[in-house]
Amino acid sequence: MLWQLDLAVLTLVVVVGIGSIMVKDLLGAAIMFGAYSFLMCLLWSIMGAVDVAFTEASVGAGVSTVFFVAAVFRTTRRTKD
Amino acid sequence: MMGEFMQAVIAKYNYWIYITLMMIGLYAMIAKNNLIKKIVGMNIFQTAIILFYVSIGVKKGGTLPIVEHGHGAHAHAVHAADYLNPLPHVLMLTAIVVSVATLGVALALGVKVYREYQTLEEDEILARIREK
């Protein structure tokens, strides 16, 4: 486990996490959350937890993003904060 | 004294980042006005906790928890120190599946609320409840 790689991906995770709750568009927030899940999967494969990583890649980055996009299309994209 | 403290903080940098992520999720759950943003915050909180647990199982110099030379395993002992701890991985695998289930239920409730009140903003929903 290289600490430089670990720190770089952790910083990206924090940036994308803040972005997903700050962006003023719910579809954008859903896509940012998908990117967050994928970076999390990358972090777990760096840590050697391969089973957790592929579950997160399929379930977190795949199914969760589809759920979010479906919910946003059935409601609205507008948000005040 | 101060140098030692800073050294201890920097050596545990990953834990500080996990706490930061957890607090981002908590902030979104409490302070955000939109229901979808609250759900995103809940998921960030959950993944931060899963990240913390998975990082506990990491060992210096350890390899993936798959037994090498599986067919001749009886010939030589398995050294647990050579492998990452797989117990947190298995526990957190369950937590990921549970988090997707809670996400589905939360989004279904959000869609139901939108159909009733035509908005996802918490203050507007509360105002419409008071009007009735």
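Taking only protein heavy atoms and a 1.4 Å probe, what accessible area per residue, in Å², does chain B have with all protein chains in place?
61
Scan the stretch B:1-80 for chymotrypsin sites (Phe, Trp or Tyr not before Pro) in coil per DSSP, keeping those whose Cβ has at most 12 other Cβ atoms within 10 Å, and list them by number. Walk me through the numbers before you get to the answer.
Values: sites: B:Phe5, B:Tyr13, B:Tyr15, B:Trp16, B:Tyr18, B:Tyr27, B:Phe45, B:Phe52, B:Tyr53; in loops: none.
Those that pass, being in a loop and sparsely packed, number zero.
Take every Cα pair under 8 Å in chain B that's 6+ residues apart, average their separations, divide by the length, and report that relative contact order as a whole percent.
24
For B:Lys59, go through the lysines and keep the ones whose alpha-carbon is under 28 Å away, minus same-chain ones fewer than eight residues off.
B:Lys12
Report the convex hull volume per residue for the stretch A:3-74, counting only C-alpha atoms, in Å³.
So the per-residue hull volume is 56 Å³.
What do you get for the angle between helix A:3-22 and the principal long axis of chain A? Use alpha-carbon atoms, 0 to 90 degrees, nearest ten.
10
How many partner chain Cβ atoms sit within 10 Å of a residue's Cβ in peptide B:102-114, on average, as a whole number? Kindly include the intermediate steps, with their values, before the conclusion.
Working: counts 0, 7, 4, 0, 2, 8, 3, 0, 4, 5, 0, 1, 4.
That works out to 3 on average.
So for the pair A:Ser58, B:Asn33, with labels modelled 7 Å out along Cα→Cβ, what separation do we get in nm?
Roughly 4.1 nm, to one decimal.
Cβ under 13 Å from B:Leu93's Cβ, B:Leu93 left aside: what net charge do those residues give with Lys, Arg +1 and Asp, Glu -1?
-2
Suppose R0 equals 30 Å; then what is the FRET efficiency for A:Gln4 and B:Ala127 from their Cβ-Cβ distance, rounded to the nearest 0.05?
Calculated value: 0.05.
Could you work out the helix-only [θ] at 222 nm for chain A, with each DSSP H run of four or more residues adding -39,500 (n - 2.57) and the total divided by the number of residues, to the nearest 500 deg cm²/dmol?
Theoretical 222 nm ellipticity from helices: -23000 deg cm²/dmol.
Tell me the mean residue ellipticity at 222 nm calculated for chain B from its helices only (DSSP H runs of n ≥ 4, each -39500 (n - 2.57), averaged over every residue, nearest 500).
Taking each H run of at least 4 residues, the total per residue is -23500 deg cm²/dmol.
Given a 1.4 Å probe and no ligands, DNA or RNA in the count, how much accessible surface is buried by A and B, both sides, to the nearest 100 Å²?
In total, chains A and B hide about 3800 Å² from solvent.
Mind checking B:44-55 for the average number of partner chain beta-carbons within 10 Å of each residue's beta-carbon?
Partner Cβ neighbours, averaged per residue: 5.
Under a Cβ-Cβ cut-off of 15 Å, what is the net charge of the residues other than B:Leu64 that fall near it, where Lys and Arg count +1 and Asp and Glu count -1?
-1
Select from chain B the helices, each a whole stretch of DSSP H, whose alpha-carbon atoms run 20 Å or more along the helix axis and whose Kyte-Doolittle mean is at least 0.5; answer none if there are none.
Once both thresholds are applied, what remains is B:13-31, B:35-56, B:87-117.
Based on a Kirkwood Rh over C-alpha pairs, give the Stokes-Einstein translational diffusion coefficient of the protein assembly as shown at 37 °C and viscosity 0.692 mPa s in µm²/s.
175
The values are calculated or read from the model by the stated rules, or taken from the named source; none is laboratory data. Since this is a predicted model, take the numbers as computed values, not measurements. Quick reminder, even Gly has a Cβ in these numbers, built from the backbone with ideal geometry, and neighbours come from all protein chains shown. SASA here: full protein model, heavy atoms, side chains in, ligands and nucleic acids out. Shrake-Rupley method; radii C 1.70, N 1.55, O 1.52, S 1.80 Å.
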